[in-house]
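Everything on this sheet refers to the single structure shown next.
The values are calculated or read from the model by the stated rules, or taken from the named source; none is laboratory data. Keep in mind the model is a prediction, meaning the values are calculated, not measured. Counting neighbours? That spans all protein chains shown, and the Cβs are built from the backbone with ideal geometry, glycine included. We work out accessible area using only protein heavy atoms, side chains counted, and drop any ligands, DNA or RNA first. Shrake-Rupley method; radii C 1.70, N 1.55, O 1.52, S 1.80 Å.
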Protein chains: 2
Amino acid sequence: MVGSVKTFSTEVDVNVEPLPEEFDPTAVVSEPLPPVVKNKTVVNGDEVEKRGREIVLGRNVHTMCLEVTEPDADDEVTGEREAYMASVLARYRKSLIERTKHHLGYPYNLDFDYGALGQLQHFSINNLGDPFIESNYGVHSRQFEVGVLDWFARLWELEKNEYWGYITNCGTEGNLHGILIGREVFPDGILYASRESHYSIFKAARMYRMECIKVDTLVSGEIDCTHFKEKLLLNKDKPAIINVNIGTTVKGAVDDLDLVIKTLEETGFSHDRFYIHCDGALFGLMMPFVKLAPKVTFKKPIGSVSVSGHKFVGCPMPCGVQITRLEHINALSRNVEYLASRDATIMGSRNGHAPIFLWYTLNRKGYRGFRKEVQKCLRNAHYLKDRLRAAGIGAMLNELSSTVVFERPQDEEFVRRWQLACQGNIAHVVVMPNITIEKLDDFLNELVEKRSTWYPDGKLQSPCIAAELGEDCCACACHK
Amino acid sequence: MVGSVKTFSTEVDVNVEPLPEEFDPTAVVSEPLPPVVKNKTVVNGDEVEKRGREIVLGRNVHTMCLEVTEPDADDEVTGEREAYMASVLARYRKSLIERTKHHLGYPYNLDFDYGALGQLQHFSINNLGDPFIESNYGVHSRQFEVGVLDWFARLWELEKNEYWGYITNCGTEGNLHGILIGREVFPDGILYASRESHYSIFKAARMYRMECIKVDTLVSGEIDCTHFKEKLLLNKDKPAIINVNIGTTVKGAVDDLDLVIKTLEETGFSHDRFYIHCDGALFGLMMPFVKLAPKVTFKKPIGSVSVSGHKFVGCPMPCGVQITRLEHINALSRNVEYLASRDATIMGSRNGHAPIFLWYTLNRKGYRGFRKEVQKCLRNAHYLKDRLRAAGIGAMLNELSSTVVFERPQDEEFVRRWQLACQGNIAHVVVMPNITIEKLDDFLNELVEKRSTWYPDGKLQSPCIAAELGEDCCACACHK
């Protein structure tokens with residue numbers, strides 16, 4: 001059950017997190033939390049501790065969970081059950097408020113107000129299958145969904161009659177879909193993805209039984225196109241399917257789309273021999289509003305773009321948007337002889353509430369509103385990086401990014417309290433629209449104060465993070 | 001864009017459904033609905049019309065959708081935008097009420113009251129990754145999720161320390177997961193599934209690049225184990241991965257799990273050479289409460305069971321439950337060397353609201369409550385079948401099922417109004433807890449009345465549905 005973690009992913013970083021104290025509705029939790037297992041690993045000949053990077057299976061999970069119990073025969077009369085459930089929910093709500101307040105490490109915009117949509121919670125809204133093919137099931141929200149898709153297609157410059165897309169359950173579904181199209185277009189294609197790509201890309205390769213080549217990254221986290229070129233030259237006989245990151249999970253690095261395309265062209269890959277999927281889960285919606293960013297547009301030879309809806313937009317449930325070229329979907333359908341109809345989505349039943357949330361926010365904010373929020377995020381991210389540096393803490397911020405990477409705090413309790421995502425020696429904060437200067441100040445003040453207690457003899461020592469972020473960003477004794 | 005539909009699936013039956021009249025917030029819909037394309041097909045040497053089985057791409061979809069427009073600079077001052085959006089939502093709500101009322105063809109229980117959970121809509125609840133491995137992201141509902149999973153594991157008789165599972169986005173995700181485990185356990189295994197299996201099973205085969213053998217069905221819709229045996233004998237050298245339907249999509253047929261296992265054993269497949277996934281999307285939660293049903297239990301050599309949460313339980317968004325043996329997940333993880341941790345779910349970010357809805361309902365109803373509802377559904381389904389027969393309408397009801405199959409109404413408008421799912425000459429009603437005798441009476445009275453106008457010269461003629469349902473269930477001139 002306990003294994004070492006070899007690579008990083010924000011989404012599966014694995015510390016056992018205790019439920020907040022106030023949220024113990026049963027008070028029967030007798031089993032203590034399992035201790036965090038410390039693994040040893042060998043780095044440069046030295047045995048060092050791999051802090052907090054171990055998988056600890058939640059052995060306590062069954063005792064700490066909220067058991068479903070059989071109602072007593074007289075529950076309806078006494079109302080005791082209703083009262084119990086109401087109290088559980090009220091305490092849970094309180095813990096959610098607390099946890100939502102202290103939240104920096106995950107790229108979710110928690111600043112939304114969907115009061116007007118509360119009235120829709122009573123309906124089972126389901127956009128079965130393809131958004132462009134109506135189902136007889138009438139309780140759907142396709143009219144909102146297609147409105148949202150049109151908006152994104154316009155953003156990425158693909159005509160209404162040339163695109164196809166749908167609202168997904170999460171970033172992973174968008175990636176699974178994009179890579180699947182690539183494979184259907186090029187059944188013997190090789191998947192190329194940088195090492196710092198989201199883990200769902202490698203999951204897709206395995207699920208789809210595709211050959212997959214991991215490409216090295218620069219210290220910024222961007223794909224290393226020199227290495228990419230080498231790999232392409234070794235495999236010129238097979239078409240290329242490439243995942244391009246518009247914001248990597250850890251460092252928020254944006255792969256240089258133009259350079260990727262140029263590399264393909266220079267190695268002799270004509271446009272009909274490669275397929276590019278852009279994983280814009282994190283910054284897909286931010287990049288269009290950043291002046292110097294390499295533009296993500298279907299005017300370039302790309303095949304699909306996906307973005308998460310619960311991240312920058314903000315939405316109470318995970319969701320995403322996937323846009324691709326209609327011609328690819330038609331190719332996909334032609335291959336699917338055994339299916340009832342064009343079955344182009346990964347999931348069958350699809351959440352019909354998410355499109356309404358997205359429609360609501362896009363309508364309220366508009367392109368102008370998003371531009372303003374992007375600017376605010378980038379400004380605040382710079383503020384955070386500058387203050388970290390001023391406090392003698394090694395930190396990095398990629399030019400096109402609102403992800404601030406810095407030395408990992410030494411105290412797991414602090415990491416949990418601020419819900420930081422960590423990898424080895426580094427941690428990050430993703431500055432979303434709900435992260436204000438005030439919240440950053442609270443965090444910084446607490447970090448600086450706590451930090452002075454984390455090092456023996458009161459002597460502040462910055463850990464070396466040059467391997468992860470480069471010497472320029474490191475504040476250790478050797479590099480500062 | 002227009003192709004013929006070769007097989008059936010409720011979830012992708014493809015008629016263009018106009019939005020309800022009252023729900024046209026923009027009144028600019030100038031493009032007429034595309035006509036329903038009539039295809040011809042050859043049956044027994046005669047060219048016949050394949051009514052309503054064509055894919056019509058919603059060409060109107062972009063004009064009928066709710067466009068996202070850029071706010072005017074003074075919108076915040078005038079409040080016009082808020083007023084517009086509120087009016088769109090109010091009209092949409094009205095149409096949802098209307099559409100929810102007339103709803104018979106899809107197996108969704110629309111009878112729920114989640115008022116108490118409205119307070120949670122303001123939170124971005126996300127159960128990232130594995131439910132049994134905590135994430136640093138604190139705004140989750142794993143404690144509810146594991147409670148629900150424990151309940152289902154108990155229902156299907158698997159010990160807490162021997163099961164693994166998670167709450168999925170829909171029935172399809174459960175099937176994709178179950179088949180993927182099967183493939184990871186037996187990388188060269190052949191997938192066997194009856195022709196009437198849900199289309200997601202065949203989608204899985206294609207996605208996962210698995211060899212797939214379609215097995216014939218009996219007229220009831222159950223898998224034909226004689227044919228299954230023939231196929232097994234021809235492929236004895238490769239392990240078998242079998243999808244067993246606990247309720248097929250169209251006829252609600254329950255495959256005989258015991259006979260499937262017996263067939264495997266008799267053809268020399270020992271327990272370590274097959275993997276059974278039970279697709280219980282439709283009736284997985286009903287069967288345990290039906291006395292004579294072949295029991296779905298992990299005491300038999302099965303590998304996984306999935307069930308939908310938005311069907312019999314009822315939930316405002318699609319969701320499902322997937323339960324498997326922990327040993328399989330451990331095998332899966334051992335194979336995944338490139339991943340950060342045990343990455344055992346299909347999706348990464350996962351909706352944290354759905355587990356709370358399920359937890360709430362299970363707690364309120366309990367096993368006893370579900371038993372009562374199952375009995376009500378079966379009773380009402382018999383009532384519907386008997387009244388159809390009494391009216392001279394051919395109809396079938398499988399013994400363990402609440403899906404009533406009958407001749408397809410001749411009028412597409414009627415089909416849409418009652419949101420019936422259709423395949424060729426047959427239609428069905430899935431009797432869920434929210435389908436009362438009163439609603440069935442309304443439907444029956446309208447059907448009988450309309451039916452008298454559908455046939456030329458006022459002469460009622462029942463179409464022959466013996467091919468689909470067998471002669472006993474047919475009420476045509478030849479068979480009645």
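Summary table
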quantity	calculated
Accessible-area composition of the stretch B:279-330, carbon plus sulfur, in percent [1.4 Å probe]	55
The stretch A:120-271 shape via C-alpha gyration tensor axes, a/c threshold 1.5	prolate
Anchor B:Lys229: lysines whose Cα lies under 25 Å away (excluding residues fewer than 8 positions away in-chain)	B:Lys203, B:Lys214, B:Lys238, B:Lys251, B:Lys262, B:Lys295, B:Lys299, B:Lys300
Using a Förster distance of 30 Å, the FRET efficiency for A:Ala90-A:Glu70 (Cβ separation, nearest 0.05)	0.85
Residues A:Glu159 and B:Ala467, FRET efficiency given R0 of 51 Å [Cβ-Cβ distance, rounded to 0.05]	0.70
Chain-alone versus full-assembly comparison, the stretch B:363-379, residues with accessible loss of at least 40 Å² (1.4 Å probe)	B:Asn363, B:Arg364, B:Arg368
Cβ-defined net charge surrounding A:Glu80, 15 Å radius [Lys, Arg +1; Asp, Glu -1]	-4
Interface A:B - total buried accessible surface [probe 1.4 Å, Å², rounded to 100]	12500
Share of carbon and sulfur in the accessible heavy-atom surface of the stretch A:101-197 [1.4 Å probe, %]	46
With every protein chain in place, the stretch A:367-473: carbon and sulfur % of accessible area (1.4 Å)	46
Label distances, nm, A:Gln461 versus same residue in remaining copies, Cβ-directed 7 Å point	9.3
For A:His122, solvent-accessible area (1.4 Å; no DNA, RNA or ligand), Å²	90
Whether the stretch A:70-162 is rounded, prolate or oblate, judged on the alpha carbon gyration tensor where a/c under 1.5 counts as rounded	oblate
At 7 Å out from Cα toward Cβ: A:Lys94 inter-copy label distances (nm, ascending)	4.3
Copy-to-copy label separations for A:His382, where each label sits 7 Å from Cα toward Cβ, in nm and ascending	7.5
Percent of Cα pairs exceeding the 17 Å cut-off, where the set is the stretch B:367-473	53
Listed residue (A:His382, A:Pro463, A:Trp418) projecting farthest to the positive dipole end of the stretch A:367-473, Cβ model	A:His382
For the stretch B:154-287, share of DSSP beta bridges that run antiparallel, in % to the nearest 5	15
Buried on assembly, the stretch A:70-94 (at least 20 Å² less accessible surface than by itself, 1.4 Å probe)	A:Glu70, A:Pro71, A:Arg81, A:Glu82, A:Met85, A:Leu89, A:Tyr92, A:Arg93
Signed unit charges on C-beta, dipole axis of the stretch B:119-364, positive-most listed residue B:Thr361, B:Trp151, B:Ala240	B:Thr361
Trypsin sites (Lys or Arg not before Pro) lying in DSSP loop within the stretch B:183-215, provided at most 14 other Cβ fall within 10 Å	B:Arg209
Cα-projected label distance for A:Ala391 with A:Glu265, points at 7 Å along beta-carbon direction, nm	4.6
At R0 = 51 Å, FRET efficiency that the Cβ-Cβ distance of A:Arg368 and A:Ala477 yields, to 0.05	0.60
Per residue value of the accessible surface for the stretch B:260-412 (all protein chains in place, 1.4 Å probe), Å²	31
Distance from the stretch A:379-445 to the stretch A:119-179 (C-alpha centre basis), Å	35
